[in-house]
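Heads up, the thing below is written out as structure tokens.
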Amino acid sequence: MRTTRKTVIFDLPFTLSALDEQQPAGTYTVDTDEELLEGLSFLAYRRVATTIYLPPRHSRAGSVQAVSVDPQELDAAQRR
């Protein structure tokens, strides 16, 4: 298993089906987990999870929420 972490920036508020409410514009951390495909003559990985980390809200000060999201939906939200 390997995990890659990237920072994504949303210039406008956005929503995703996995999120309960609209998220504010800003900078977010996204992790992608991939597993190695065994038995091939070359290295290949398959994505198994994509997680976005949401900043604390006023009512949840200090806690970060990790939400599993559809990577294609996340990419589409970034392009908007």
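Add -39500 (n - 2.57) for each DSSP H run of 4 or more in the chain, then divide by its residues: what number comes out at 222 nm, to the nearest 500 deg cm²/dmol?
Counting only the DSSP helices, I get -3000 deg cm²/dmol.
Each residue was assigned an accessible area with a 1.4 Å probe, and for LEU37 the value is about 70 Å². Taking 7 Å steps out from each Cα toward its Cβ at PHE10 and LEU37 produces label points 3.1 nm apart.
The calculated P(r) of the chain, using every Cα pair and 5 Å bins from 0, goes 3, 13, 23, 24, 14, 10, 6, 4, 2, 1, 0 in percent. Around the amide H of ALA49, modelled in the peptide plane, lie the amide H atoms of ASP33, all under 5 Å away and 5 or more residues distant in sequence or on another chain. The mean sequence distance of close C-alpha pairs (under 8 Å, at least 6 residues apart), as a share of the length of the chain, puts its relative contact order at 27 percent.
Can you send over the carbon and sulfur percentage of the accessible area for the chain, probe radius 1.4 Å, protein chains only?
Working: 2660 of 5590 Å².
That fraction is 48 percent.
Between SER68, THR15, LEU40, the Cα set farthest toward the positive side of the dipole of the chain (charges on each charged residue's Cβ, about the Cα centre) is that of THR15.
Dipole check for the chain: with +1 at the C-beta of Lys and Arg, -1 at the C-beta of Asp and Glu, and the Cα centre as origin, the magnitude is about 220 Debye.
Summing Lys, Arg as +1 and Asp, Glu as -1, what charge do residues with Cβ under 15 Å from the Cβ of ARG2 carry, ARG2 excluded?
Values: positive: ARG5, LYS6, ARG46, ARG47; negative: ASP31, ASP33, GLU34, GLU35, GLU38.
Cβ neighbours under 15 Å give a net charge of -1.
The values are calculated or read from the model by the stated rules, or taken from the named source; none is laboratory data. This one's a predicted model, so the numbers in the text were calculated from it and none came from an experiment. Using ideal geometry, Cβ is built from the backbone for each residue, glycine included, and neighbour counts are taken over all protein chains shown. Protein only, heavy atoms only, side chains kept; ligands, DNA and RNA dropped before computing areas. Shrake-Rupley method; radii C 1.70, N 1.55, O 1.52, S 1.80 Å.
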